[in-house]
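Below is one structure, written out as structure tokens; comments come after it.
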Amino acid sequence: MTHFKKKIIFGIYLFLSLVSIRYFILNPGTLGHNWDWFVPSSLIYLQNLPSTLFYTWRNFSLGEPISLWLPSAPFFLFFTGFSFLGFGGGFISKLLVISSILLSSFGMFLLINKLVNKQEKKSDFPAFLAGLFYGFSPFLLCEFIGGAATQFFAYSLIPWFFYFFSILNEKNNNHYRFYLLASAVFFSFLTISLQVIILCSFLLFASLVIQEDKTKYLKNLFFLFILYCLLNFYWILPTIVEFQNIFQTVGAGSAFSDFTIRNLVPSLDQAWANIGYTRPFYPALISNNLYPFWLFIVYLGLSFIFWKVIAGKRKEAVFWLFIFLFSLIFSTGGKDPLGNQVLWLYEHLFLMSFFRSPQHFILLSVFSMAILIGHATVGVDFKNYIKRILFIAFFVIWLYPFFSGDFGSSILHSKKMEYIDSYKLSPGYEKAFEIIHQDEGDHKMLFLPLSGSPKFLKTEYQNENQGGDPLIEYSIKDTVVTDISYASQGKDLVLELERIFCDKKNQEKTSDIVSGFNVKYLLLRKDVIPHFSECQTWNWQDAYLKLKVEGYAEIFSQDYVILFENNKYLPHLYSPQKNTTISFTKINPTRYEVQVDNPADSFDLIFLESYNSSWKIFPEKINDFAGQLFSKPLYANSHRKINGFANGWKINKNGSYRLLLVYIPQNYLYLGSVVSALALLFMFLLIINKELKFAKEKHDEYNL
Amino acid sequence: MLKLFKSLKVKIALFFFLAIFLFLWRYSEFNPGFSGKGLILTYWLLASLLFAIDGKISVLIGILLFLSSSVMLLLKHEGLALRVSLYSYGFLFIGAIIQFISLLKEKEKK
């Protein structure tokens with residue numbers, strides 16, 4: 001296939017992706033305010049995000065270990081990078097969607113061309129159709145509505161990984177090392193979604209049965225996983241070290257819900273047509289009268305695909321049909337065909353805990369269906385234009401809701417279902433964040449209400465909606481919420497705080513908890529109310545009165561926000577003993593330099609961050625990460641939980657001195673990063689060496 | 001011994017023996033949740049394996065049932081459509097497995 005043809009196909013997909021998002025492009029807002037959408041609108045937020053990415057400890061919800069999120073760091077770094085060129089959340093959120101569509105469709109086009117090319121190459125049209133389906137699939141539309149960016153971006157990278165890996169398995173591959181590295185890099189990118197990496201690993205091993213040369217395939221798989229482990233050692237190592245702590249923290253929210261598995265899954269008739277999700281968004285976009293006819297036409301097309309695959313007598317095609325049928329068992333969760341058996345697996349198989357929402361399995365159905373489309377249409381004579389038009393017409397009918405221009409938002413809104421909003425941040429918010437951002441002190445802030453996934457009220461900047469709030473998720477200062485945090489330390493205190501603010505009659509003071517949390521700023525919001533909360537009677541005026549009565553200083557007020565300052569907050573690091581002076585410098589979220597002056601004979605050092613046994617104290621001279629890994633920390637025996645959530649140490653040492661407070665898994669991240677960087681460098685050297693040799697051989701051949 | 005199992009009479013006898021056994025088990029107190037649909041589809045799988053029925057036939061039946069289920073949806077018989085859809089799923093699954101195994105065997109012979 002010529003480069004020109006590829007460019008044309010890419011151009012068509014680009015045009016279609018722009019058509020599918022046209023109303024949002026014309027609207028200057030940021031996509032979000034629904035489910036898991038977490039793209040910040042503000043430049044301050046976007047530019048702050050990269051500085052928080054490569055740490056094993058995150059200053060959120062009193063602090064939590066996050067090495068499982070480290071694989072997503074390159075993804076966030078890439079997209080937030082645009083903010084340094086002056087692009088805000090509006091541009092980035094739309095770029096995210098368009099790039100996901102383009103990567104999905106064009107990647108699948110290349111993959112099908114590669115897979116079908118091995119058998120009988122007649123036309124690029126089958127690959128084009130497969131790319132069209134995969135890039136504009138009902139599942140991707142639902143993923144956009146759902147808003148988990150890491151999920152839909154990982155979806156778009158799957159064909160690229162399989163494309164490079166299929167080239168790796170070709171005979172007489174002259175660029176083996178390059179394709180091995182490309183496969184490992186794309187496989188690493190897929191780790192931004194744990195579900196995707198698990199499903200792709202399953203596909204890789206299952207594909208063994210259709211390989212001609214199984215030994216070579218296994219050898220390639222082995223090298224792939226070795227290189228993957230080395231390239232990802234930077235997050236694998238701290239995760240292994242912190243395994244117990246991470247799963248204690250994350251495990252609290254990972255129990256599966258019987259209700260979700262039984263009810264928030266597609267029915268079999270939806271799963272056949274790949275239109276299912278946790279909620280029936282796609283069927284809702286088709287008019288009720290039209291839906292049965294639409295389904296009939298889609299079933300007709302599917303019947304053609306199934307028959308062509310079986311009649312084609314290609315084991316690769318039948319294998320993917322089998323994968324498609326197999327995936328339906330899991331994507332339909334507790335419903336037919338094998339609902340009870342799937343529920344049993346959820347109860348007894350640990351691996352299933354990664355799939356609390358069975359919609360992740362739909363990915364297998366869509367991926368295998370795209371490949372089936374390629375295989376089924378490969379024998380069709382597309383020189384006949386009537387056949388081309390017929391096929392295009394079928395895909396237009398199947399996929400037309402994707403092209404509504406706003407991902408069906410207006411229809412879904414009218415049907416009282418969840419939809420993506422396009423919102424703007426009010427000038428009041430921008431100004432308040434500017435004030436908070438300019439204060440470089442080490443303290444926390446509090447959003448009122450304490451909801452990370454609130455209900456948004458209708459204003460001139462946003463519609464009424466419900467979903468994740470990026471202002472909270474990526475808060476520029478550590479904050480505490482009652483809903484979206486996994487952290488369990490101090491949860492009781494946070495809930496207590498919410499109860500006091502929520503209940504008008506509750507006369508208890510908030511200042512003890514607020515100050516004890518090291519909170520300096522309180523941002524009262526008028527345009528949101530709690531949603532996943534016990535507080536069902538939130539009223540910002542009541543909270544305002546409470547704040548005023550308690551003496552918090554109102555320092556700024558504009559449109560939908562009022563900013564208060566708490567001057568009595570406890571420092572992040574302090575000693576309750578009088579005369580003992582503690583001053584400190586925060587180097588990064590995992591490292592603090594502490595200066596102790598005039599200490600009492602024995603004093604407590606208190607660190608207002610979630611208690612974690614991996615926080616260690618070292619003398620000032622042991623300041624390199626390798627030294628800290630192999631040295632004994634100070635006062636480890638006295639390390640305990642204090643104030644209900646924080647870390648406390650008993651220190652017995654006289655005179656002025658400096659200490660280092662370090663979160664140890666970060667040192668493992670540094671160590672792992674060295675291994676990953678060396679592995680990458682080594683692979684580059686191997687590739688350059690091989691390519692130079694290859695070029696020389698070519699040159700010699702030409703001269704002969 | 002193997003020759004004995006290749007005889008059509010023995011195959012028929014074996015099929016009926018297994019069919020009765022499955023039937024009794026399905027309606028006994030030991031049934032772990034084996035449905036009527038499961039029973040019928042297992043009979044078909046047994047018959048396909050014993051009498052070497054081409055996988056294409058299963059797939060063809062599956063496709064016909066699949067289309068029928070969409071017609072039933074068109075006629076607003078949702079319950080029946082789901083029932084038929086489940087049978088079509090079963091037939092397609094059996095057909096795909098049998099076809100896949102036979103293709104793998106063919107490849108090995110070559």
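The values are calculated or read from the model by the stated rules, or taken from the named source; none is laboratory data. It should be emphasised that the depicted structure is a prediction, and the values quoted were computed from it without experimental measurement. Here the Cβ positions follow ideal geometry from the backbone for every residue, glycine too, while neighbour counts run over all protein chains shown.
If we scan the stretch B:42-59, do we find a residue that is in contact with an Asp or Glu (Cβ under 9 Å, 6 or more places away or on another chain), more than 7 Å from every other protein chain (Cβ to nearest Cβ), more than 23 Å from A:Pro283 (Cα to Cα) and touching a residue at least 12 places away in the same chain (Cβ under 8 Å)?
To start, the set of residues in the stretch B:42-59 that are in contact with an Asp or Glu (Cβ under 9 Å, 6 or more places away or on another chain) comprises B:48.
Those left that are additionally more than 7 Å from every other protein chain (Cβ to nearest Cβ): B:48.
Subsequent filtering for residues that are more than 23 Å from A:Pro283 (Cα to Cα) retains B:48.
Those left that are additionally touching a residue at least 12 places away in the same chain (Cβ under 8 Å): B:48.
Among the residues of the stretch B:42-59, at least one is in contact with an Asp or Glu (Cβ under 9 Å, 6 or more places away or on another chain), more than 7 Å from every other protein chain (Cβ to nearest Cβ), more than 23 Å from A:Pro283 (Cα to Cα) and touching a residue at least 12 places away in the same chain (Cβ under 8 Å), which makes the answer yes.
Do any residues in the stretch A:77-98 that are more than 12 Å from A:Pro40 (Cα to Cα) have Cβ atoms under 7 Å from those of residues that are among the polar types (S, T, N, Q), where the two are at least six apart or on different chains, and which pairs are they?
Listed pairs, sorted by first residue: A:Phe84/A:Gln47; A:Ile98/A:Ser17.
Tell me the residue from A:Asn612, A:Asn647, A:Asn623, A:Asn643 that is on the phi > 0 side of the Ramachandran plot and touching a strand residue (DSSP E or B) at 6+ places or on another chain (Cβ under 8 Å), please. Quick ask: steps written out before the conclusion?
Values: A:Asn612 fails: on the phi > 0 side of the Ramachandran plot; A:Asn647 fails: on the phi > 0 side of the Ramachandran plot; A:Asn623 fails: on the phi > 0 side of the Ramachandran plot.
Exactly one of A:Asn612, A:Asn647, A:Asn623, A:Asn643 is on the phi > 0 side of the Ramachandran plot and touching a strand residue (DSSP E or B) at 6+ places or on another chain (Cβ under 8 Å), namely A:Asn643.
For the stretch A:416-432, give me the residue count where each residue is in contact with a helix residue (DSSP H, G or I) (Cβ under 7 Å, 6 or more places away or on another chain) and modelled with pLDDT of 95 or more.
So the count comes out to 0.
Are any of the residues in the stretch A:654-674 part of a loop (DSSP other than H, G, I, E, B) and not small (Gly, Ala, Ser)? I'd like the intermediate steps shown before the answer.
Let us first name the residues in the stretch A:654-674 that are part of a loop (DSSP other than H, G, I, E, B), namely A:654-656, A:664.
Now narrow it down to the ones that are not small (Gly, Ala, Ser): A:654, A:664.
Checked against the condition, which is being part of a loop (DSSP other than H, G, I, E, B) and not small (Gly, Ala, Ser), the stretch A:654-674 yields at least one hit.
Could you grab the pairs with beta carbons closer than 7 Å, sequence gap of 6+ or different chains, first residue in the stretch A:264-292 and more than 12 Å from chain B (Cβ to nearest Cβ) and free of Cβ contacts under 8 Å to residues at least 60 places away in the same chain, second one in a helix (DSSP H, G or I) and buried (at least 21 other Cβ atoms within 10 Å of the Cβ)?
Short answer, once both residue conditions are applied: A:Pro280/A:Gln270.
Do we have B:Gly79 as closer than 20 Å to A:Phe306 by Cα, part of a helix (DSSP H, G or I) and either touching a Ser or Thr at 6+ places or on another chain (Cβ under 8 Å) or at pLDDT 90 or above (or both) here?
Numbers: closer than 20 Å to A:Phe306 by Cα: no; part of a helix (DSSP H, G or I): yes; either touching a Ser or Thr at 6+ places or on another chain (Cβ under 8 Å) or at pLDDT 90 or above (or both): yes.
Answer is no for this residue.
Among the residues of the stretch A:582-605, write down those that are acidic (Asp, Glu) and either modelled with pLDDT of 95 or more or not in a loop (DSSP other than H, G, I, E, B) (or both).
Our first condition is that a residue be acidic (Asp, Glu); within the stretch A:582-605, this holds for A:593, A:597, A:601, A:604.
Within the stretch A:582-605, A:Glu593, A:Asp597, A:Asp604 qualify.
Taking the criterion of being surrounded by 15 or more Cβ atoms within 10 Å (Cβ to Cβ), facing chain A (nearest Cβ under 8 Å) and under 25 Å from B:Leu22 (Cβ atoms), would at least one residue in the stretch B:70-77 satisfy it?
Within the stretch B:70-77 (the criterion being surrounded by 15 or more Cβ atoms within 10 Å (Cβ to Cβ), facing chain A (nearest Cβ under 8 Å) and under 25 Å from B:Leu22 (Cβ atoms)), the answer is no, since none of the residues qualifies.
Name the single residue that is nearest to A:Phe38 (Cα to Cα) among those in the stretch A:431-466 being among the acidic types (Asp, Glu) and either surrounded by fewer than 16 Cβ atoms within 10 Å (Cβ to Cβ) or touching an Asp or Glu at 6+ places or on another chain (Cβ under 7 Å) (or both).
Pass one, the stretch A:431-466, residues among the acidic types (Asp, Glu): A:434, A:439-440, A:442, A:460, A:464.
Now drop any that are not either surrounded by fewer than 16 Cβ atoms within 10 Å (Cβ to Cβ) or touching an Asp or Glu at 6+ places or on another chain (Cβ under 7 Å) (or both), which leaves A:434, A:439-440, A:460, A:464.
Working: A:Glu434: 20, A:Asp439: 25, A:Glu440: 25, A:Glu460: 20, A:Glu464: 17 Å.
Once the filter is applied, the top-ranked residue is A:Glu464.
Determine which single condition A:Ile329 fails, assuming it passes every other condition in (1) among the β-branched types (Val, Ile, Thr); (2) more than 32 Å from the chain's Cα centre (by Cα); (3) more than 7 Å from every other protein chain (Cβ to nearest Cβ).
That leaves (2) as the condition not met.
Within the stretch A:85-163, considering only helices (runs of 4 or more DSSP H) that don't extend past its boundaries, which have at least 1 residues that are surrounded by 24 or more Cβ atoms within 10 Å (Cβ to Cβ) and among the hydroxyl-bearing types (Ser, Thr, Tyr)? If you could, list the steps in order and put the result at the bottom.
Values: elements: A:89-117, A:125-135, A:138-146.
Here the list reads A:89-117, A:125-135.
Would you point out the residue of the stretch B:78-110, among those that are more than 7 Å from chain A (Cβ to nearest Cβ) and of a type in the set (Ser, Thr, Tyr), that is farthest from A:Gly339 (Cα to Cα)?
The extreme case among them is B:Ser102.
So which of A:Asn612, A:Asn623, A:Asn567, A:Asn579 ends up being in a loop (DSSP other than H, G, I, E, B) and within 16 Å of A:His443 (Cβ to Cβ)?
On the way: A:Asn612 fails: within 16 Å of A:His443 (Cβ to Cβ); A:Asn623 fails: within 16 Å of A:His443 (Cβ to Cβ); A:Asn579 fails: within 16 Å of A:His443 (Cβ to Cβ).
Residue meeting the stated conditions: A:Asn567.
Would you check which residues across the stretch A:601-642 are surrounded by 17 or more Cβ atoms within 10 Å (Cβ to Cβ) and within 23 Å of A:Lys491 (Cα to Cα) and list them?
Correct list: A:Leu605, A:Ile606, A:Phe607, A:Leu608, A:Glu609, A:Ser610, A:Tyr611, A:Asn612, A:Ser614, A:Trp615, A:His639, A:Ile642.
Among the residues of the stretch A:308-326, write down those that are under 24 Å from A:Ser267 (Cβ atoms) and facing chain B (nearest Cβ under 7 Å). Outline the logic, then answer.
Of the residues in the stretch A:308-326, the ones under 24 Å from A:Ser267 (Cβ atoms) are A:309, A:320-326.
Within the stretch A:308-326, A:Leu321, A:Phe322, A:Leu325 meet the criteria.
Suppose we filter the stretch A:1-21 for residues that are of a type outside the set (S, T, N, Q), under 25 Å from the mean Cα position of the chain (by Cα) and in a helix (DSSP H, G or I); how many remain? Working first, answer last.
The initial filter retains those residues of the stretch A:1-21 that are of a type outside the set (S, T, N, Q), namely A:1, A:3-16, A:18-19, A:21.
If we keep only those that are under 25 Å from the mean Cα position of the chain (by Cα) as well, we get A:13-14, A:18, A:21.
Those still in the list that are in a helix (DSSP H, G or I) too: A:13-14, A:18.
Selection size over the stretch A:1-21: 3.
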